[in-house]
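Enquirer: There's a structure below that I have some questions on.
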Amino acid sequence: MDSYCPECGKKLEEGSDFCSDCGTKVNSESVNDFEKNNESTYEQTKIIVKDEKSPGLAAVLSFLIIGLGQIYNGEIAKGLILLVVSYICIALFFLIIPPVIAVILWVYAIYDAYNTAKDINAGIY
């Protein structure tokens, strides 16, 4: 293995106690320290993976099943609440709640899923 002067970095002749270029006294420890400090290092490149969401897919999922678009966007609690409320509305549909309220809830879920996915992609959410 080649040794180098810890002061000037010149390659040392094998077995020499002094650098022929700058005259610095060298020993095995100072040479090893220089080599350790000047080893080639590679800078690590940080790769940031952005978890983008598809607004269209979020809207389609909420169209198919109310709340599924919210779950896709990572809003688990909101999605489950919408899902449960929609099933309660469906169950009560024939008794009390007019169909307009169920449709309004459904349209809201689609709209919310779409906009939340856009906000996630824009870094707002």
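Enquirer: Please determine whether any residue of region 45-57 is small (Gly, Ala, Ser) and either within 18 Å of residue 125 (Cα to Cα) or modelled with pLDDT of 80 or more (or both).
Expert: Within region 45-57 (the criterion being small (Gly, Ala, Ser) and either within 18 Å of residue 125 (Cα to Cα) or modelled with pLDDT of 80 or more (or both)), the answer is yes, since at least one residue qualifies.
Enquirer: Restricting the search to region 100-125, which residues are farther than 19 Å from residue 66 by Cβ, surrounded by 13 or more Cβ atoms within 10 Å (Cβ to Cβ) and of a type outside the set (Val, Ile, Thr)?
Expert: Answer for region 100-125, where residues must be farther than 19 Å from residue 66 by Cβ, surrounded by 13 or more Cβ atoms within 10 Å (Cβ to Cβ) and of a type outside the set (Val, Ile, Thr): 118, 119, 121, 125.
Enquirer: Let me ask you something else. Any chance you could count how many residues in region 52-98 are in a loop (DSSP other than H, G, I, E, B) and loosely packed, with under 13 Cβ neighbours inside 10 Å?
Expert: 5
Enquirer: Still on this model: Name the residue, out of 40, 20, 16, that is modelled with pLDDT under 75, in a loop (DSSP other than H, G, I, E, B) and of a type in the set (Gly, Ala, Ser).
Expert: Selected residue: 40, the only one of 40, 20, 16 that is modelled with pLDDT under 75, in a loop (DSSP other than H, G, I, E, B) and of a type in the set (Gly, Ala, Ser).
Enquirer: Report every pair of residues separated by at least 6 positions or lying on different chains whose Cβ atoms are under 6 Å apart, first residue within region 59-70 and under 15 Å from residue 102 (Cβ atoms), second of a type in the set (Val, Ile, Thr) and surrounded by fewer than 24 Cβ atoms within 10 Å (Cβ to Cβ).
Expert: As it stands, the answer is 62/110; 63/110, since those pairs meet every condition given.
The values are calculated or read from the model by the stated rules, or taken from the named source; none is laboratory data. None of the values given here were measured: they were computed from a predicted structure. Note: ideal-geometry Cβ built from the backbone for every residue, glycine included; neighbour counts use all protein chains shown.
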